[in-house]
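J.: Here it is: the structure, laid out below.
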Amino acid sequence: MAWISDKTAANELREQSAKVHRGDLEALLERQKAVEEKVKNSGRLNRFSTDIKLMFSLIRDYWYGHYRAIPWKSIAAVAGALLYVLNPLDLIPDLIFGFGLVDDAGVVALCLKLVESDLHRYAAWKELHSS
């Protein structure tokens, strides 16, 4: 993450998260395939593919009311990070070959760090309820 500092990633995540409203979750879920394709085709983001799938699963279970044992600020951070990945004209436009997804990876990495304990609790809950 040499091209984007933690402070810059935090600012971007904070700005994106502040814009998230409950209704945005449904629209985000409809764009899951687009995010997964972008992640799959990117070396920088591909390492987060499992985490991003878990993030979408969390958003889906929250949206449908299956899992609510998480603060809204964590949901907003996860949604904000995923929406940031969707935006091709973010801090470093995705069209800049080799560098365009560095900021996306930085924002996702910071989000994962911020909501790590919430994601672990959700993964444990999901494991118990998937049997």
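The values are calculated or read from the model by the stated rules, or taken from the named source; none is laboratory data. Here the structure is a predicted model, which means the values were calculated and not measured. All Cβ positions, even for glycine, are placed from backbone atoms using ideal geometry, and neighbour counts span all protein chains on display. What goes into the accessible areas is simple: the full protein's heavy atoms, side chains included, and nothing from ligands, DNA or RNA. Shrake-Rupley method; radii C 1.70, N 1.55, O 1.52, S 1.80 Å.
J.: Within segment 1-22, how many residues are assigned to a loop (DSSP other than H, G, I, E, B) and farther than 30 Å from Gly65 by Cβ?
T.: Result for segment 1-22: 5.
J.: Quick one: in segment 92-116, of everything that is open to solvent by less than 10 Å² (accessible area, probe 1.4 Å) and part of a loop (DSSP other than H, G, I, E, B), which residue is modelled with the highest pLDDT?
T.: Val115
J.: Same structure again: Can you list residue pairs whose Cβ atoms sit under 9 Å apart, with the first residue in segment 70-84 being closer than 23 Å to Glu37 by Cβ and open to solvent by 20 Å² or more (accessible area, probe 1.4 Å) and the second being assigned to a helix (DSSP H, G or I) and of a type in the set (D, E, K, R)? Count only pairs 6 or more apart in sequence or on different chains.
T.: Taking only residues 6 or more apart or on different chains, the pairs are Leu83/Lys19; Leu83/Asp24.
J.: Could you tell me which residue of segment 56-68 is least open to solvent (accessible area, probe 1.4 Å), considering only residues that are over 14 Å from Val85 (Cβ atoms) and under 13 Å from the mean Cα position of the chain (by Cα)?
T.: Per the criteria, the residue is Leu58.
So that you can scan it fast, the table gives a plain yes or no per residue for (1) in a helix (DSSP H, G or I); (2) in contact with a Ser or Thr (Cβ under 8 Å, 6 or more places away or on another chain); (3) surrounded by 12 or more Cβ atoms within 10 Å (Cβ to Cβ); (4) touching a residue at least 60 places away in the same chain (Cβ under 8 Å):
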{"position": "Asp24", "(1), (2), (3), (4)": "yes, no, yes, no"}
{"position": "Leu29", "(1), (2), (3), (4)": "yes, no, yes, no"}
{"position": "Glu36", "(1), (2), (3), (4)": "yes, yes, yes, no"}
{"position": "Val39", "(1), (2), (3), (4)": "yes, yes, yes, no"}
{"position": "Leu54", "(1), (2), (3), (4)": "yes, no, yes, yes"}
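J.: Checking Leu89 against (1) modelled with pLDDT of 95 or more; (2) surrounded by fewer than 15 Cβ atoms within 10 Å (Cβ to Cβ); (3) within 21 Å of Lys19 (Cα to Cα), which single condition isn't satisfied?
T.: Condition not satisfied by Leu89: (1).
J.: Further question: For the subset of segment 1-22 comprising residues that are among the charged types (D, E, K, R) and closer than 14 Å to Ala76 by Cα, which member is least open to solvent (accessible area, probe 1.4 Å)?
T.: Glu12
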